[in-house]
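What follows is a single structure, written as structure tokens, with notes after it.
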Amino acid sequence: METLEMERTQTEIADSPKLSITQFIRAPRARVYDAWTRPEALQTWFCDGGNICAAAELDVREGGAFTFLIQIASGAKRTVTIRGVYRTVVPNALLQFSWQGCTPDETSLVTVSLKDVAGGTELTLTHEQFATEASRDGHNKGWTAIVANLDKFLSN
Amino acid sequence: MVESSPAVLDSVFHALSDATRRAILRDLTGEEKTVGEIAQPYHMSLAAVSKHLQVLEDAALIQRERKGNYRLVRLRPDTLRPAQEWLASYERFWKVRLDALRNYVEQAETQEKGKETE
């Protein structure tokens, strides 16, 4: 009975709100992996539209933490902090990390996997298991702030 | 344009945060069912199933209606749209960044190759 319940949970996580994006990059896997794991590299591409990555600290090992500080350039100057913990680290192949976005009580899971394809690398990014502390506890709050913050973050 | 009020998203994501409730929603795709039929695949009491149905009904993901002697449960798929739109906004967030990643990595790769051939 307990095993049944566990199996069901694992297979059905895939049915929870989830997004998946595939990107082809004309470069070897090692270079793409480097862009995700070396702070100076990550800072260069992760911020766009004039936003500034004020800092990126990446402790790339299973159980290690990361933090990005992003300064929103336009409008009222604000800093958004994104943090998380690396869950799976397979050099040049797979990075899986928890993602605490615009508000601290939001947690989700990001998986970046790299595959050799003709002429370069195929990157697949999956973002899933969106939940808030509030929704896990059965309280009906939490998303209000997240949606408002994400909107601001994205429109900047 | 669907109005995606935060309160609606709150209740939808809360309702979707449970594997059994997601399974119930999937079971209801394309057909109405009685509570008994919904409960059948799960090893749980009718009362436990009713609790899940209540959460889904509060989130407007299902509606119950009486047909003759039966009370049928039906999916309300439109309610999922705000959640999908919210996901879509995160999708845009990542697409912009992955484009930037590709440009960054491909530029670095070209420079490296340029050095090698010098």
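Since every read-out is calculated from the coordinates, none of them should be taken as a lab result. Small disclaimer: the values here were computed from a predicted structure and weren't measured. Please note: Cβ atoms are built from the backbone with ideal geometry, for glycine as well, and neighbour counts cover all protein chains shown.
Residues that are of a type in the set (Asp, Glu) and touching a strand residue (DSSP E or B) at 6+ places or on another chain (Cβ under 7 Å) were ranked within the range B:28-58; the one that is nearest to the other protein chains (Cβ to nearest Cβ) is B:Glu57.
Within the range B:62-80, the presence of a residue that is touching a Phe, Trp or Tyr at 6+ places or on another chain (Cβ under 9 Å) and not in a strand (DSSP E or B) is excluded.
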